[in-house]
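The structure appears right after this line, and notes come after that.
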Amino acid sequence: MRFGHHYPGKSKWIPAHIKWLKELELSDMYREILDEYLSQLEILTEKIERFKYRLEELSQKETYNEKIGQLRCIKGIDTTAPMTMHAETSDFDRFPTANAFASYCGLTPGEDSSGESYHRLSITKQGNSMIRTTLIEAQPGTCKRDYRQKRQKSEIKTERSGCKGYRLCRQGSY
């Protein structure tokens, strides 16, 4: 921060950091500016919470309940991500396979091949950017070191809970 103030903690914008910002000793003008920023942060945080609550209410309605429930079975996905995906896609049945849906989202790898040389590229990013961004933001919970063991445990847990969403996604028929 300016004026030589450095937060001693690791993570920023958590409650401890905000408390530290509120306790900083600054001149009157800078204190007023910082307080204004912090009040704006509180307003926006409250607005986000209201929207999350409203999305949760909407996801429980009969229109969305089954599809959103199936998507929630995937680790890392709660209410906001499936509601976004449902609003952007509307009808998942129009995709014959999971690969077709991945292509629609722009998550398929590009390829630059000629003759016998094959060069795989990064994802194409040619599809729906909103769904792609939502899926990428939801994925940190799924990327761990020992992913095979966790996936097997997740499959067992999903089978026991009776959730059909994971099986449908694995079969590519969602």
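The values are calculated or read from the model by the stated rules, or taken from the named source; none is laboratory data. Fair warning: this is a prediction, and the values are worked out from it, not measured in the lab. No Cβ is skipped: glycine too gets one built from the backbone with ideal geometry, and neighbour counts run over all protein chains shown. Ligands, DNA and RNA are excluded from the accessible area calculation, which covers all protein heavy atoms including side chains. Shrake-Rupley method; radii C 1.70, N 1.55, O 1.52, S 1.80 Å.
Just a yes or no: is a residue in the range 46-57 open to solvent by less than 60 Å² (accessible area, probe 1.4 Å) and of a type in the set (Lys, Arg)?
No, the range 46-57 contains no residue that is open to solvent by less than 60 Å² (accessible area, probe 1.4 Å) and of a type in the set (Lys, Arg).
Results for (1) in contact with a strand residue (DSSP E or B) (Cβ under 9 Å, 6 or more places away or on another chain); (2) assigned to a helix (DSSP H, G or I); (3) closer than 22 Å to Gln139 by Cβ, shown as yes or no for each residue.
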| site | (1), (2), (3) |
| --- | --- |
| Gly9 | no, no, no |
| Leu21 | no, yes, no |
| Arg31 | no, yes, no |
| Leu41 | no, yes, no |
| Glu66 | no, yes, no |
| Leu71 | no, yes, yes |
| Met83 | no, yes, yes |
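Taking the conditions (1) closer than 30 Å to Asp93 by Cβ; (2) out of contact with any helix residue (DSSP H, G or I) (no Cβ under 9 Å at 6 or more places or on another chain) in turn, Phe51 satisfies each one other than (2). Does the range 81-96 contain at least one residue that is among the basic types (Lys, Arg), open to solvent by 60 Å² or more (accessible area, probe 1.4 Å) and without any contact (Cβ under 8 Å) to a residue 40 or more places away in the chain? Within the range 81-96 (the criterion being among the basic types (Lys, Arg), open to solvent by 60 Å² or more (accessible area, probe 1.4 Å) and without any contact (Cβ under 8 Å) to a residue 40 or more places away in the chain), the answer is yes, since at least one residue qualifies.
Being among the polar types (S, T, N, Q) and more than 23 Å from the chain's Cα centre (by Cα) is the filter here; which residues of the range 84-123 pass it?
The initial filter retains those residues of the range 84-123 that are among the polar types (S, T, N, Q), namely 84, 89-90, 97, 99, 103, 108, 113-114, 117, 122.
Within the range 84-123, Ser113, Ser114, Ser117 meet the criteria.
Among residues of the range 61-76 that are surrounded by fewer than 19 Cβ atoms within 10 Å (Cβ to Cβ), those with a Cβ under 8 angstrom from a residue that is among the polar types (S, T, N, Q), sequence gap 6+ or separate chain, pair up as Asn65/Ser59; Arg72/Thr79; Lys75/Thr142; Lys75/Ser154; Gly76/Gln139; Gly76/Thr142. If you go through the range 43-64 and keep only what is among the basic types (Lys, Arg) and either closer than 22 Å to Ser129 by Cβ or in a helix (DSSP H, G or I) (or both), you end up with Lys47, Arg50, Lys52, Arg54.
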